[in-house]
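First up is the structure itself, then whatever we jot down about it.
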Amino acid sequence: NNGKTLQAFYFEHEGRGGYYGADGKSLKKAFLRAPLEFSRISSAFGMRTHPILLDRRAHKGIDYAAPTGTKVRAVGDGVVEFVGKRGGYGNLVLLRHHGPYSTAYGHLNGFASGLKKGSRVSQGDTIGFVGATGWATGPHLHYEFRVNHQQVNPLSVTLPTAPPLSTAQMPHFRTLVH
């Protein structure tokens, strides 16, 4: 690439494979920037007039307008912490990711088949479908990215890379790449 040689090594561990640099660092992002492939933002992160309560308040997520039934995908590998109905969120999925990260997906029309608390999901897996449950005025996904249980703007936060190989995995990795 522009006269520079780049290398990536495919390595399988714990039943999963991925591409890594020679130093064992993952070459993929730990999180996708958005949980929908094609949509438009109908409400940004920050202060707004609430469409139902009609008062000004903080909107601590991003709303993606999309047709009912549009697939919602996990933005990163994780474990389902909650799946069900929860107040104004309507049908909600909460995913716990590595370190301090978690994500929330609200107003879902339904959940992916077999999804339950404790289920492991991979980045890109379908976890639910766009709907208008809870406090929603039309079909959309309410998406939250959380760091230490605090919502942050998912469009401006610096997303981490996927975790590197562990020190226990490195000797086997080195024998394959050198």
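The values are calculated or read from the model by the stated rules, or taken from the named source; none is laboratory data. Note that the structure is predicted; figures quoted are calculated from it, not measured. Every residue, glycine among them, receives a Cβ derived from its backbone with ideal geometry; neighbour counts consider all protein chains shown. To get the accessible areas, we keep the full protein, side chains included, count just its heavy atoms, and leave off ligands, DNA and RNA. Shrake-Rupley method; radii C 1.70, N 1.55, O 1.52, S 1.80 Å.
Given the structure, is Ser102 farther than 20 Å from Gly69 by Cα, open to solvent by less than 10 Å² (accessible area, probe 1.4 Å) and modelled with pLDDT of 95 or more? Here the answer is yes, as Ser102 does meet what is asked.
Taken as a whole, the condition of being open to solvent by less than 100 Å² (accessible area, probe 1.4 Å), free of Cβ contacts under 8 Å to residues at least 60 places away in the same chain and not β-branched (Val, Ile, Thr) applies to Gly3.
Gly118 falls short on exactly one of the conditions (1) touching a strand residue (DSSP E or B) at 6+ places or on another chain (Cβ under 7 Å); (2) open to solvent by 60 Å² or more (accessible area, probe 1.4 Å); (3) at positive phi, and that condition is (2).
Counted as qualifying within the range 1-48 are the strands (runs of 3 or more DSSP E) with 1 or more residues that are at pLDDT 85 or above and either over 19 Å from the mean Cα position of the chain (by Cα) or of a type in the set (Phe, Trp, Tyr) (or both), namely 9-13, 16-20.
Matching residues to (1) closer than 28 Å to Phe11 by Cβ; (2) touching a Lys or Arg at 6+ places or on another chain (Cβ under 8 Å); (3) assigned to a loop (DSSP other than H, G, I, E, B); (4) open to solvent by less than 30 Å² (accessible area, probe 1.4 Å):
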residue	(1), (2), (3), (4)
Gly124	yes, yes, yes, no
Trp135	no, no, yes, no
Gln151	no, yes, no, no
Pro154	no, yes, yes, yes
Thr158	yes, no, yes, no
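Pairs are defined by a Cβ separation below 9 Å, a sequence spacing of at least 6 or placement on different chains, a first member in the range 167-178 that is at negative phi, and a second member that is charged (D, E, K, R) and open to solvent by 100 Å² or more (accessible area, probe 1.4 Å); the pairs so defined are Gln169/Glu14. Can you find a residue in the range 164-178 that is modelled with pLDDT under 90, aliphatic (A, V, I, L, M), within 19 Å of Ala65 (Cβ to Cβ) and part of a loop (DSSP other than H, G, I, E, B)? Within the range 164-178, none of the residues are modelled with pLDDT under 90, aliphatic (A, V, I, L, M), within 19 Å of Ala65 (Cβ to Cβ) and part of a loop (DSSP other than H, G, I, E, B).
Being crowded, with 17+ Cβ neighbours inside 10 Å and over 15 Å from Gly76 (Cα atoms) is the filter here; which residues of the range 87-99 pass it? Selection gives Tyr89, Gly90, Asn91, Leu92.
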